[in-house]
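Data block below; observations after.
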Amino acid sequence: MNWSLADRTRKFWCAAYFYRRADPARDRAVAVKVLAQVTATASGTVQDRAANLLREINEQPTRT
């Protein structure tokens, strides 16, 4: 499927908002998958912001 820039941008903002605002106890894996998809398919600022957020997520310390 070919997403428009507006669709990719909307997906990014929805996923980013959900990831940042959701209770850490909730499963946020779908938001991470959407961010990865946006990083792979978008271009420009949207792609950069999604990639930066994924890096930020990956750098978080894991809880044991």
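The values are calculated or read from the model by the stated rules, or taken from the named source; none is laboratory data. For clarity, every value in this text was computed on a predicted model and none was experimentally measured. As a convention, Cβ positions derive from the backbone with ideal geometry for all residues, glycine included, and neighbour counts pool all protein chains shown. Protein only, heavy atoms only, side chains kept; ligands, DNA and RNA dropped before computing areas. Shrake-Rupley method; radii C 1.70, N 1.55, O 1.52, S 1.80 Å.
Considering (1) farther than 18 Å from GLU56 by Cβ; (2) in a helix (DSSP H, G or I); (3) open to solvent by 60 Å² or more (accessible area, probe 1.4 Å), say which one ARG8 fails and leave the rest.
Failing condition for ARG8: (3).
Give the stretch 11-45 a look and list any residue that's open to solvent by less than 40 Å² (accessible area, probe 1.4 Å), within 15 Å of ARG55 (Cα to Cα) and either among the small types (Gly, Ala, Ser) or not in a helix (DSSP H, G or I) (or both), or say none.
Once the filter is applied, which keeps residues that are open to solvent by less than 40 Å² (accessible area, probe 1.4 Å), within 15 Å of ARG55 (Cα to Cα) and either among the small types (Gly, Ala, Ser) or not in a helix (DSSP H, G or I) (or both), the stretch 11-45 yields ALA15, ALA16, ALA31.
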